[in-house]
Amino acid sequence: MPAILVHELRLKNGANESRRMWVRTKEDTAREWCKSVIVVTHRSGKLGMVVILDTKNQQRATVEITDNLEQQTTIEDFFIKIYGVDSMEKVVDECSTDFIESKLREDKDTIEVWKREIFIGKYTLKINSESKDRLLLITEVATDEKHLLHCQSEGGTMVYEIPFPLKPARDYVVQAFYGSCLEPGKYSLSARAHCEFRTAMLQKHVQLLYNRASEFCRPARRCAIYHLYRNKPRHYFEKIRSRGGVMTKYMKNNGGDQASPLNRSIQGLFFSAYYKYSPAGCPYLPEDSPFGDQRLHVAMPFFVNQYNNLYFADFFCHYTNHHVTLVVTEAGSYSDHFCRQHLIPLDKTNNPFLYYNHWKKSCFTNVALNVEIFYTENINIGYLLCNKKAYFSFCDVIGNSKGKSFIGQRKNKNCQICNLTPEEIIEPVLK
Ligand SMILES: [Zn+2]
């Protein structure tokens, strides 16, 4: 296919030196190309400028480089990158001279994911910068598909809704360039920021993980348990006691599968149903914990009862053991509604992980994996202690408890057992 000339550009610096540039692309790409975004970076990486041209009406244009650097610069000191953008802000082509990455200041200005509507792939970013003009380059990592967006605000913090849906369970990188308008279509760049994130998976993907997890723990070795436990340092429980005995829930961190819809969506408190087993098959509690030396034990009926619902949320591993995350919600609550839409509801009396057996009048857990429970309400410990539904014990601590409990460990991406294949992510087929 013949190459079509899109632009004939003349680059000019303050010293009136100039340089010509011809931008060509394939014929079909040229038809889609609506806007040309020209990013100029100085050799030092510390000075940048953006010029936005209307491709069809400014085929011949002079780009004047505002070089307010102290030192003397020549036109050869500037590098150019050109993005061809279509009417949907999608990058259809890009080309550059020996482009060097911008080394603009990256400290005060930030960008992060603020809100997500998982069903429709609507993601909202929170952008914080003193600059009024922001240029966002959003890249889907696997396909290298890029979108280039320009947004403006009064400066300070703004929330910005990405104007197209993101695909589920994919990695994205957002690069933000901050600057101010010099004249229409021309901006100076002064700072940058970037963030990387994985979009949440859909319920279909969670169902596939559930299938993997139930496959993994078959044939099941089950054991009766009477309590779930939660380890924390002594001062954590001291503080709760001094504040009236209510243990308050907090936002779920990013631990486990990075695409879990649960992450940063609802609040709760983690408990464990993990027991060790003697060679004879008798369960006993682990002697130590990475999360703290004090252990709160809460009786099973507090969690598994007629007023609560149970959901499957996640299946993952770090190094050796496989874990499942289950969620216990109060029926009808906000969290319950969220879980019903995004997770897999479990039958409390019949599921592969944790269930109540009416005949034996007790709860059973699956020994093949670590079952963790995220309980989505505050807990009044004082009330439970008074009513003999909870008790405390102590154990040793291993490792750095702060880091582990706060940040949350990410899933081992290379495990074949608990990671969905790229095909399953693109097209989740339920058998
Ligand atoms: Zn695994």
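No lab work stands behind these numbers, since they all come straight from the coordinates. Owing to the predicted nature of the structure, the values given are computational and were not obtained by experimental measurement. Counting neighbours? That spans all protein chains shown, and the Cβs are built from the backbone with ideal geometry, glycine included.
Things to note:
- Normalised by the number of residues in segment 3-96, the mean separation of alpha-carbon contacts (under 8 Å, six or more apart) gives a relative contact order of 33 percent.
- Residue 211 paired with residue 243, simple spin-label distance in nm, labels 7 Å along Cα-to-beta-carbon: 4.3
- Computed on segment 203-426, with alpha-carbon pairs under 8 angstrom and 6+ residues apart, the relative contact order is 33 percent.
- The fraction of Cα-Cα pairs per 5 angstrom bin, counted from 0 for segment 110-198, comes to 3, 14, 27, 25, 16, 10, 5, 1, 0 percent, rounded to whole percents.
- Exposed GluC sites (Glu not before Pro) absent - longest run of the chain, DSSP non-H/G/I/E/B, at most 15 other C-beta within 10 Å: 288-431
- Cα-derived Rg over Rh, computed across segment 3-96 with Rh taken as Kirkwood radius: 0.99
- The length gained on full extension between residue 421 and residue 305, counted as 0.36 nm times the residue separation minus their Cα-Cα distance, comes to 38.1 nm.
- Each label point was placed 7 Å from the Cα along the Cα-to-Cβ direction; for residue 251 and residue 152 their separation is 3.1 nm.
- Dimensions of segment 287-348 from C-alpha coordinates, computed as largest minus smallest value along each principal axis and given longest first, are 36, 26, 19 Å.
- Pairwise Cα distances in segment 193-248 exceed 13 Å in 79 percent of cases.
- For the cross-link pairs 35/167; 252/348; 204/389; 232/389; 146/413; 360/388, the ones whose C-alpha atoms lie over 27 Å apart are 204/389.
- Length-normalised contact order of the chain in % [C-alpha pairs under 8 Å, at least 6 apart]: 13
- Per-residue ³J(HN,Hα) for segment 243-258, Karplus 6.51 cos²θ - 1.76 cosθ + 1.60, θ = phi - 60°, Hz, x for Gly and Pro: 9, x, x, 9, 8, 9, 6, 9, 5, 4, 7, 8, x, x, 5, 5
- Bins of 20 Å, starting at 0 and running to the largest distance - Cα pair percent for the chain: 22, 42, 25, 11, 0
- Hull volume in cubic angstrom per residue (convex hull over the Cα atoms of segment 278-431): 177
- With the gyration tensor restricted to C-alpha atoms of segment 255-365, the semi-axes of the equivalent ellipsoid amount to 23, 19, 14 Å, longest first.
- Using the Cβ of residue 416 as centre and a radius below 15 Å, the other residues enclosed give a net charge of -1, where K and R count +1 and D and E count -1.
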